[in-house]
Amino acid sequence: MSYYKIENLEQYFKHYKKSVREPRKFWGKIAEENFVWYQAWDKVFEFDMEEARFEWFTNAKLNIVKNCIDRHLAKRGEKTAIIFEPNNPEEKEQRISYNDLYARVSKMANVLKDQGIKKGDRVCIYLPMIPELAISMLACARIGAIHSVIFAGFSSSAISKRITNSECKFVITSDGSFRGNKKIPLKPIIDEALLECESVEKVLVVNRAGIDIKMMEGRDLWLEPLLEQASPNHVAQVMDSEDPLFILYTSGSTGVPKGMVHTTAGYMVQTAYSFKNVFDYKENDIFWCTADCGWITGHSYIVYGPLLNGATTVLFEGVPSYPNPSRFWDIIDKYKVTQFYTAPTAIRALMTEDYSYVNSHDLSSLRVIGSVGEPINEEAWHWYNDHVGKKKCPIVDTWWQTETGSILISPLPFITPTKPTYATLPLPGIQAVLMDDKRNEIEENQIDGSLCIKFPWPSMARTIWGDHKRYKETYFSQFPGKYFTGDGALRDEVGYYRITGRADDVVIVSGHNLGTAPIEDAINEHPAVAESAVVGYKHDIKGNALYGYITLKMEGEYRDRENLKKEINQYISSHIGPIAKLDKIQFVEALPKTRSGKIMRRILRSIANGETKDFGDISTLINPEEIEKIITKTI
Ligand code: 6R9
């Protein structure tokens with residue numbers, strides 16, 4: 001019997017039990033039967049929860065790209081691997097077959113090697129959503145270099161922090177990008193970032209937007225001429241199961257971003273397995289995930305998961321509103337997309353548009369529709385179900401994280417009955433638990449607790465680059481012996497999970513995780529600012545938006561408050577990126593603080609949400625009188 005595909009609910013429970021009782025047999029069989037290996041493993045896994053050390057498929061040898069491309073060539077060489085849909089609908093799409101993909105990835109791999117990249121070197125990829133982005137990721141993995149993709153909306157200072165942290169040797173970027181009706185230069189942002197980075201030896205540049213840019217001699221090279229000369233064949237590097245595959249930065253509760261490290265074999269096995277089951281993938285499907293490859297969703301469900309299954313995956317450069325709000329529906333119709341995977345924030349934005357945009361399109365090709373990134377509210381769920389899924393496509397509300405590598409909690413389409421706002425049941429292998437404040441497991445239903453996972457899974461991140469101590473402390477110390485997700489959740493009477501939101505200082509704005517600490521750091525750099533506190537508040541479209549409470553040290557010099565607000569947002573934009581800008585700014589006399597000097601963000605969060613009646617226990621506050629002032633006035 002194969003464990004790779006779950007066919008019905010009874011089988012789901014059977015596989016789940018097997019995965020808990022005999023995890024070695026369960027994952028061992030999946031790994032053995034569905035992938036190609038140069039050498040088998042000694043042990044399916046080994047771990048030490050206390051030290052946060054994990055190994056999966058110990059000592060096995062493989063290459064993930066051989067599994068994504070080479071092994072499909074005999075049967076699917078002419079099949080389309082990637083459909084590239086450009087930002088401008090007038091520009092022709094690209095259909096890249098598995099044969100073409102093999103050649104293009106091999107060329108890029110040869111260029112990287114010829115230019116001096118070796119196994120284990122870090123390569124930063126800062127590209128828009130164009131084929132070269134996926135191809136660069138795969139080329140790195142093919143030669144054993146570790147890719148670190150940085151979302152192309154990040155600012156130069158955010159980039160230099162990340163490049164410096166992982167000591168990247170190369171950067172792959174483009175002259176610029178197209179987004180809606182805008183043309184955005186990217187290379188100048190890299191140039192600025194690199195003023196601060198010593199590790200970078202070369203910058204390879206894709207010509208995408210035809211922007212006139214400066215090339216630094218000895219450092220910068222145009223990619224096209226190098227690719228033209230490169231050989232279209234490349235023998236994939238033999239990698240160990242636990243060799244790092246990529247680093248991907250995620251926000252934390254301090255100013256230093258966490259470089260989550262994913263390794264080769266476990267990530268491969270579980271992204272492929274989850275893709276197959278959560279999207280009920282079948283051979284001739286056309287799969288479209290609207291995320292950006294700069295986030296984990298793009299890594300796992302635009303690139304690795306689909307290609308590991310020999311699927312056709314759509315890569316879209318543009319935005320849902322350009323040239324008009326029917327762009328998503330146009331694309332679904334154009335390619336006869338069968339699975340559509342997007343974020344609640346996109347759904348909420350499209351919901352506000354006229355129904356005719358969505359209803360005038362033929363969406364009958366769709367079979368499964370998915371949601372990811374933040375809780376999907378009931379109204380958005382129903383709109384998605386009624387207008388996109390036409391009440392016949394199950395919605396898979398998939399809960400997971402950069403750290404988890406692949407989807408952990410989700411309905412299985414046509415198998416698990418769905419329920420609005422519930423991510424429902426953990427996939428086989430995922431031992432989810434809810435913990436109370438006293439660190440006891442919550443057995444009852446309908447009680448909010450901290451969502452933890454009490455047993456390792458193959459695609460979990462192995463460490464934070466260069467800081468294993470932080471990895472251990474962040475994820476394995478609050479609830480000893482368990483992985484703490486940072487999320488709150490509750491369970492209904494049948495055991496379905498509903499994610500209730502972050503339990504830490506991370507706010508999810510339009511599906512992007514933003515740590516409030518680095519935003520506060522950026523605000524505090526402004527000469528007029530004494531202190532700041534940033535919190536999230538509910539927003540109809542973005543899910544959450546950011547509210548900043550700021551005290552000033554130079555009030556007089558900054559009488560023009562509107563201008564000061566603009567300046568503060570510019571600081572945020574240049575330190576982090578425009579996605580982290582504040583929607584609301586309130587200048588206040590003082591921030592509410594505890595006796596130990598901590599800002600009580602809980603109170604500020606309530607005020608930002610308009611909840612000003614009951615603040616609960618404020619006995620530890622040293623200045624409770626400030627609360628009333630904050631509610632009633634700004635300075
Ligand atoms: C995949 C991804 C992780 C955080 C996570 C949680 C939130 C993701 C969700 C969800 C409710 C869902 N989140 N999926 N909340 N329902 N279906 O988004 O990774 O960017 O690391 O964010 O996103 O709070 O902890 P990442």
What pairs come up if the first residue lies in region 184-196 and is surrounded by 15 or more Cβ atoms within 10 Å (Cβ to Cβ), the second is assigned to a loop (DSSP other than H, G, I, E, B) and not hydrophobic (A, V, I, L, M, F, W, C), and their beta carbons are under 6 Å apart, counting only those six or more places apart or on different chains? Lys187/Asp175
Say whether the condition of being away from the ligand (no atom under 16 Å from the Cβ), within 26 Å of Arg71 (Cα to Cα), part of a helix (DSSP H, G or I) and at pLDDT 95 or above is met by at least one residue in region 316-324. no
If you scan region 491-534, which residues turn out to be without any contact (Cβ under 8 Å) to a residue 60 or more places away in the chain, among the acidic types (Asp, Glu) and touching a strand residue (DSSP E or B) at 6+ places or on another chain (Cβ under 8 Å)? Glu520
Would you mind stating whether Ile407 is modelled with pLDDT under 95 and in a loop (DSSP other than H, G, I, E, B)? no
If you check Ser174 against the conditions, is it crowded, with 23+ Cβ neighbours inside 10 Å and in contact with a Ser or Thr (Cβ under 8 Å, 6 or more places away or on another chain)? no
Per-region count, region 493-540, residues of a type in the set (D, E, K, R), out of contact with any helix residue (DSSP H, G or I) (no Cβ under 8 Å at 6 or more places or on another chain) and within 15 Å of the ligand (Cβ to nearest atom): 4
Checking the structure you have, find out if any residue of region 350-370 is farther than 18 Å from Asp280 by Cα, among the charged types (D, E, K, R) and surrounded by 21 or more Cβ atoms within 10 Å (Cβ to Cβ). no
Given (1) under 18 Å from Thr164 (Cα atoms); (2) free of Cβ contacts under 8 Å to residues at least 60 places away in the same chain, index of the condition Glu201 fails: (2)
The condition from (1) within 14 Å of the ligand (Cβ to nearest atom); (2) of a type outside the set (Phe, Trp, Tyr); (3) in contact with a helix residue (DSSP H, G or I) (Cβ under 7 Å, 6 or more places away or on another chain) that Val388 misses is numbered (1)
Quick count over region 412-421, residues being touching a residue at least 60 places away in the same chain (Cβ under 8 Å) and more than 10 Å from the ligand (Cβ to nearest atom), is 6
If I go through region 454-484 residue by residue, how many of them are away from the ligand (no atom under 15 Å from the Cβ) and out of contact with any Cys (no Cβ under 8 Å at 6 or more places or on another chain)? 18
Counted residues in region 264-301 being of a type in the set (Val, Ile, Thr), within 16 Å of the ligand (Cβ to nearest atom) and assigned to a helix (DSSP H, G or I) come to 4
Would you check if Asp487 is over 20 Å from Ser19 (Cα atoms), part of a loop (DSSP other than H, G, I, E, B), of a type in the set (Asp, Glu) and within 16 Å of the ligand (Cβ to nearest atom)? no
Name the residues in region 214-240 that are in a loop (DSSP other than H, G, I, E, B) and either at pLDDT below 95 or farther than 18 Å from Ile69 by Cα (or both), would you? Lys214, Met215, Met216, Glu217, Gly218, Arg219, Ala230
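Conditions (1) within 16 Å of the ligand (Cβ to nearest atom); (2) within 26 Å of the chain's Cα centre (by Cα), marked per residue:
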| position | (1), (2) |
| --- | --- |
| Glu378 | yes, yes |
| Trp383 | no, yes |
| Lys392 | no, no |
| Ser406 | yes, yes |
| Arg439 | no, no |
| Glu443 | no, no |
| Ser450 | yes, yes |
Quick check: anything in region 139-146 farther than 24 Å from Asp243 by Cβ and either polar (S, T, N, Q) or part of a helix (DSSP H, G or I) (or both)? no
Hey, any hits in region 329-344 for a residue that's acidic (Asp, Glu) and either surrounded by 24 or more Cβ atoms within 10 Å (Cβ to Cβ) or more than 16 Å from the ligand (Cβ to nearest atom) (or both)? yes
Single match in Thr485, Thr474, Thr516 (criterion: buried (at least 18 other Cβ atoms within 10 Å of the Cβ), within 21 Å of the chain's Cα centre (by Cα), more than 28 Å from Thr342 (Cβ to Cβ) and of a type in the set (Ser, Thr, Tyr)): Thr474
For Lys542, work out the one condition from (1) surrounded by fewer than 20 Cβ atoms within 10 Å (Cβ to Cβ); (2) out of contact with any Leu (no Cβ under 7 Å at 6 or more places or on another chain) it doesn't fulfil. (1)
Here's a check for you: in region 8-50, which residue that is free of Cβ contacts under 8 Å to residues at least 40 places away in the same chain and assigned to a loop (DSSP other than H, G, I, E, B) is surrounded by the most Cβ atoms within 10 Å (Cβ to Cβ)? Trp37
Please state which one of Thr402, Thr424, Thr398 is within 13 Å of the ligand (Cβ to nearest atom), among the β-branched types (Val, Ile, Thr) and surrounded by fewer than 20 Cβ atoms within 10 Å (Cβ to Cβ). Thr402
Selected residue (only one of Arg53, Arg71, Arg95 is surrounded by fewer than 22 Cβ atoms within 10 Å (Cβ to Cβ), within 30 Å of Pro320 (Cα to Cα) and of a type in the set (D, E, K, R)): Arg95
Going through region 597-622 one residue at a time, which ones are of a type in the set (Ser, Thr, Tyr) and either surrounded by 14 or more Cβ atoms within 10 Å (Cβ to Cβ) or touching a residue at least 12 places away in the same chain (Cβ under 8 Å) (or both)? Ser606, Thr612, Thr620
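The values are calculated or read from the model by the stated rules, or taken from the named source; none is laboratory data. Keep in mind that what you see is a predicted model, and the values were worked out from it rather than measured. Please note: Cβ atoms are built from the backbone with ideal geometry, for glycine as well, and neighbour counts cover all protein chains shown.
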